[in-house]
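Just so it is clear, none of the values below were taken in a lab; they were calculated from the coordinates. Owing to the predicted nature of the structure, the values given are computational and were not obtained by experimental measurement. Here the Cβ is made from the backbone with ideal geometry for all residues, glycine too, and neighbour counts use every protein chain on show.
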Amino acid sequence: MESTQIILRPLISEKTTSMKQNNQVAFLVHPAANKIEVQRAIESIFGVQVMAVNMVRYRPRVRTKFSRAVGKIRGYKKAYVTLASGASIDFFEGV
């Protein structure tokens, strides 16, 4: 798998913005990717040194809305990446 296929998109929320103080960023990754593949992909795409990668998998589930309608929530996989001290990834450089 190529590094652009492993990293799907960065996750930007209130929680992940506060994690930047600890040199951590979060990404939505391919469900079949492992920690080593994610580490290599981040290092090659952004040119930073990665110290640790933690992965969280959310399974798909069925959710009942109101009384009859049934909806599905898609499963996904997140990667919390800890960068080396002094390294950072800025998602809004050109803005």
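Note the count of lysine pairs whose C-alpha atoms are less than 20 angstrom apart in the chain, limited to pairs 8 or more residues apart or on different chains.
For the chain, qualifying lysine pairs total 7.
As I understand it, the value is the acute angle between the Cα axis of helix 35-46 and the longest principal axis of the Cα atoms of the chain; what does it come to in degrees, rounded to 10?
Helix 35-46 sits roughly 60 degrees off the main axis of the chain.
What is the calculated FRET efficiency for ARG74 to GLN21, with r their C-beta to C-beta distance and R₀ = 25 Å, to the nearest 0.05?
0.25
Which value, to two decimals, describes the C-alpha radius of gyration of segment 3-83 once divided by 2.2 N^0.38 Å?
1.28
Pop out the ³J(HN,Hα) list for segment 13-29 in order, Karplus 6.51 cos²θ - 1.76 cosθ + 1.60 with θ = phi - 60°, rounded to Hz; leave Gly and Pro as x.
Result, ordered by residue: 8, 5, 5, 6, 5, 6, 6, 4, 5, 9, 6, 10, 9, 10, 9, 8, 10 Hz.
How many nm is it between the label spots at SER88 and ILE36, if each spot is 7 Å from the Cα in line with the beta carbon?
3.3
For n ≥ 4 DSSP H runs only, could you compute -39500 (n - 2.57) per run for the chain, divide by its residues and tell me the 222 nm figure to the nearest 500?
When only DSSP H runs of four or more count, the value is -6000 deg cm²/dmol.
Arrange the peptides 82-89, 62-69, 41-48 so that the one whose residues have, on average, the most other Cβ atoms within 10 Å appears first.
41-48, 82-89, 62-69
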